[in-house]
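Notes to accompany the following structure.
The values are calculated or read from the model by the stated rules, or taken from the named source; none is laboratory data. These numbers were taken from a predicted model, which means no experiment stands behind them. With ideal geometry, Cβ positions are generated from the backbone for all residues, glycine too; neighbour counts draw on all protein chains shown. Surface areas here come from the heavy atoms of the whole protein model, side chains and all, with no ligands, DNA or RNA. Shrake-Rupley method; radii C 1.70, N 1.55, O 1.52, S 1.80 Å.
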Amino acid sequence: MDIMTGAGLVFGMIVIAVMMLLGGDFGMFVSDHAAIIIFGGSTAATMIRFPLGAMLHGMPLGIKFAFTMSRLSARELVDELARIAEIARKQGPVGLEKVETDEPFLAKGIRYVADGYDLEFIRDNLERDRDNFLMHLDEGSKIYRAIGDCAPAFGMIGTLIGMVQMFANMTDPSKLGPFMATALLATLYGALVANLICLPIADKLHGKLLDEETNRTLIIDGILMIRDSKSPALVREMLLAYLPEKHRHAEGEPVPA
């Protein structure tokens, strides 16, 4: 679970709720007209931008990865692959059949090696799997960013509609207040949807995409070296190149100057 995503959303909502309560009650900030223009308009614009398949894959995957962390960090993956290489060296590919791991992508690579598939088959399938996953995660990031871009614009559209209705009813003072409230709430809803939800999620997904690209490429290289019967020491040394310098050494181990 990615605690920071949930904590950020909850904290942001608490801040907004406190500010609302300090000036009155929640009732004055509820407007079905503003909700319709923001959510309906943003959804419609996003549907125009993206094909249905991208939305069906990207949005659920995006929201899932915004709230979850990778099961293993890059450093843990290096240690895990070195351990698997040691097993393969001592017991051969058959020994990998009993190896268990919490990382599904790594488990798939281990299964390919245990089943005796050739190097090119393993490389092609794992790279295709990685690229498809990253494509869907990137689609999710782009979709949430698109909604974040659209929401403030539709908030302004809602504001303009409310002002037109307000000026059209200048002769009836009782309608001026509700129309002005609708106009302002549309801008408020658009700003909240964009800056508290969609744009932060899009940025979080972009960061997760970079992490997943590194981790899955690291796994592919490690699996290929294991299939090629490389020594555990060489596997570890080669894979540590994926890590920043400060993360290449175990806890308590001195870092070279």
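Summary table below
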{"item": "Neighbourhood charge, 11 Å Cβ-Cβ cut-off, centred on M59 and excluding it, Lys, Arg +1 and Asp, Glu -1", "result": "+1"}
{"item": "Cleavage-rule hits, trypsin sites (Lys or Arg not before Pro), the stretch 31-94, DSSP coil, Cβ neighbours within 10 Å at most 16", "result": "R71"}
{"item": "P(r) of the chain over all Cα-Cα pairs, binned every 5 Å from zero, in whole percent", "result": "1, 6, 10, 12, 12, 11, 10, 8, 7, 6, 5, 4, 3, 2, 1, 1, 0, 0"}
{"item": "Long-range tail of P(r) for the stretch 35-123 (Cα pairs > 22 Å, %)", "result": "52 percent"}
{"item": "For the stretch 123-202, the spread of Cα positions along each principal axis, largest first, Å", "result": "73, 19, 11"}
{"item": "Under 10 Å, Cβ to Cβ, from L77 - net charge with Lys/Arg +1 and Asp/Glu -1", "result": "-1"}
{"item": "Restricting the stretch 79-133 to GluC sites (Glu not before Pro) in coil, as DSSP defines it, with at most 11 other Cβ within 10 Å", "result": "E100"}
{"item": "Span per principal axis, largest first, for the Cα atoms of the stretch 1-77 (Å)", "result": "52, 34, 12"}
{"item": "Peptides 134-141, 56-63 ordered by average Cβ neighbours within 10 Å, highest first", "result": "134-141, 56-63"}
{"item": "Relative contact order, percent, the stretch 55-191 [alpha-carbon distance under 8 Å, six or more residues apart]", "result": "26 percent"}
{"item": "Accessible surface of the chain, 1.4 Å probe, proportion on carbon and sulfur as whole %", "result": "64 percent"}
{"item": "Lysines whose Cα lies under 23 Å from that of K142, excluding same-chain neighbours fewer than 8 positions away", "result": "K64, K204, K208"}
{"item": "Probe 1.4 Å, protein heavy atoms only - accessible area per residue of the stretch 17-144 in square angstrom", "result": "57 Å²"}
